[in-house]
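Report on the following structure.
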Amino acid sequence: MFLLWHKKKIDPFLISTFALCFSFGSALWLGQDASWDLRNYHFYNPYAWLQHRANIDIAPAQLQSFLHPFADIPHYLMVKADYPSWLIACVLALPVALTLYFLGQLSQVARISAKPFYVVLPILLIAGTGASGFPVIGSTMSEWHVTALFIAALWLTFKENNLPSASTCLLSGFLGGVAVGLKLTGAVYAVALGVMYLFMPGSLRQRIRQTAYLGLGGLIGFVLVFSPWGLEMWSRYQNPLFPFFNQWIKSPWAEFSSYAGSPYATQSLWDLVSLPWRLMITSTPLVSEFRLQDWRLGLGFPALALLTFGSLKSLQERQKFWLPLFVFCVVSYVIWAKLYGIYRYAGVLEVLMPLAIMMAISSIFKKSIFLAIATSTGIILTPTVWPAWGRLPHGQPAVVAQIPQLPENSMVVFATLEPVGYLSPNLPAKVPVISLINNFMHTDPGRIQLQNLATQKVLQHQGPLWLLWHEGFEAEKYYNGKPIALMLTELGFSAQTQNCLPIQTSFTNKLALCPLFAKSIK
């Protein structure tokens, strides 16, 4: 072990072993996913896609019913196959292992291969334990999918000593396109990768040609992954990105709004420039619903600038590796901060920063490298505060629910802002689920066409109606402060809270299906 620890050349087997042990160990230690997103749409969406529920249901997972389901299909299939939650979590942690493996390979390109493994190990450890990535290891949140694909694309780009070949550019772009196809927020890094290629070594003509190959590969990857879903959305709602960017596409099924706004996006130049350092000391939710704290960006950007523009590296190293990487990180950071500011989406940046930090430290403190690496690792890890997205102990998958048998020809109605989409796959396949009030549909004048269709389907249904009731339903209010129970009455319905059928779930035992009656047809 001592020889491996001090080994000068990075052994891919060592990297792979650490990556797998860290990923699986973290997934087991954290417990199974119980996040809002899982309860809302990560379990429902693949079910809806595979079982063609778009012909039966209307928005059980609220606005998120229309998000691309492909990344969630493995989780859904494993739950349906009765896999234990610990095994599901380990499978879902594989993108983490891939990320760390490719980051280890990328570190060889950064000349860390000339350093002992004790320099590389902290890079992987710090990269895997950030406030963006660590809390979602082994969960259905697909940020690690995007991170793994873009770190792999960066490694492919830099691994050749000469300019990347056409095939390398195509493959790097393809990986980025797949990432964006799986999760549209990955477009931040796709744009940054394209800009980075314009700063690679070589003549302007060579760089433009490489960027063109990269773009072509990205287009192929994106179309391959996203087109089945985009075509489905277009055929149903006349917007391939439905409901997003509808202020331009103008589908009649949604409001003419972008639906993509984020309350965490930076508003001023000061906010943009200072955010990495404010994250080092903040106790307020600047970039997340929950409190988090992280030093990686705050220390990483200065280290990256020092490696790019300082004298720590040769001019050739700076031009071939550090300048393009600096451009990639700065461009992706600016776009991320201005469009989203949601820290979960900063995973690629969070993973790259330890590489810059440790490379700068190992270059400055050459005579006391072990002590410097150990001290800086502790300084970075200690103040990290992870947001609590929600976990439960391992056991039966949390999305499995026990629902009483319903009479023939029943219909279930949702009217809540709570995440309850996971209940739909637990109902009999013949039971339609219609959401009348959620974060996408309301009762105000000018309500969307999909809302009108949902209301008519419920009013015209010939059979028992059941409202999903939860504790506090009578007091739940919409964003405008209006009680949701009153909104349901305005649509022509009344619920009976007697004779309700209780639902048993891992998340709560205070759900029930209560008889719903249509008072009038509007």
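The values are calculated or read from the model by the stated rules, or taken from the named source; none is laboratory data. Source: prediction; values computed, not measured. Don't worry about glycine lacking a Cβ; one is built from the backbone with ideal geometry, like all the others, and counts go over all protein chains shown. With ligands, DNA and RNA removed, areas are computed over all heavy atoms of the protein, side chains included. Shrake-Rupley method; radii C 1.70, N 1.55, O 1.52, S 1.80 Å.
The calculated FRET efficiency for the pair Lys367 and Trp277, based on their C-beta separation and a Förster distance of 45 Å, comes to about 0.95. Extending 7 Å from Cα along the Cβ direction at Ala305 and again at Asn55 yields two label points whose distance is 5.9 nm. Extension gain for Leu224 to Trp29 (0.36 nm times residue separation, less C-alpha to C-alpha distance): 66.6 nm.
May I ask you to compute the full-extension gain from Lys338 to Cys21, defined as 0.36 nm times their residue separation minus their alpha-carbon distance, rounded to one decimal in nm? Answer, rounded to one decimal: 110.5 nm. The trypsin sites (Lys or Arg not before Pro) found in segment 267-307 that occupy coil by DSSP, while having at most 15 further C-beta atoms within 10 Å, are Arg291. Taking GluC sites (Glu not before Pro) as exposed when their DSSP state is a loop state and no more than 14 other Cβ atoms lie within 10 Å, the longest site-free interval of the chain runs over 1-159.
Listed values (1) 43, 28, 23; (2) 48, 30, 22; (3) 46, 24, 20 include one computed from this model; for semi-axes √(5λ) of the Cα gyration tensor in Å that value carries the label (3).
Net charge in the neighbourhood of Ala148 (other residues with Cβ under 14 Å of its Cβ; Lys, Arg +1, Asp, Glu -1) is -1.
Among beta bridges identified by DSSP and lying wholly in segment 408-522, the antiparallel ones come to about 65 percent. What separates the Cα centres of segment 206-270 and segment 393-426 is a distance of 31 Å. Surface calculation, 1.4 Å probe, protein heavy atoms: Asp271 sits at approximately 40 Å² accessible. Angle of helix 12-30 to the longest C-alpha principal axis of the chain, folded into 0 to 90 degrees and rounded to 10: 30°. In terms of its C-alpha gyration tensor, segment 99-207 has an oblate overall shape, because the principal axis ratio a/c (a ≥ b ≥ c, square roots of the eigenvalues) is not below 1.5 and a/b does not outweigh b/c. What are the trypsin sites (Lys or Arg not before Pro) within segment 44-133 that DSSP puts in a loop, where the Cβ has at most 16 other Cβ atoms within 10 Å? Here the sparse-neighbourhood loop sites are Arg111.
When a/c is below 1.5 the answer is rounded, else prolate if a/b is larger than b/c, else oblate, so apply that to segment 215-272 with a ≥ b ≥ c taken from the square roots of the Cα gyration tensor eigenvalues. Because a/c hits 1.5 or more and a/b fails to exceed b/c, segment 215-272 counts as oblate.
Label point 7 Å out from Thr382 along Cα-to-Cβ: which residues of segment 342-368 have amide N under 13 Å? No residues fall inside that zone. With the cut-off at 1.5 for a/c, could you classify segment 275-375 from its C-alpha gyration tensor as rounded, prolate or oblate? Here segment 275-375 falls in the oblate category. Each peptide in 428-438, 376-386 receives the mean, over its residues, of other Cβ atoms within 10 Å, and ordering these scores from highest gives 428-438, 376-386.
With the helix formula -39500 (n - 2.57) applied to DSSP H stretches of n ≥ 4, the chain reaches a computed 222 nm mean residue ellipticity of -15000 deg cm²/dmol.
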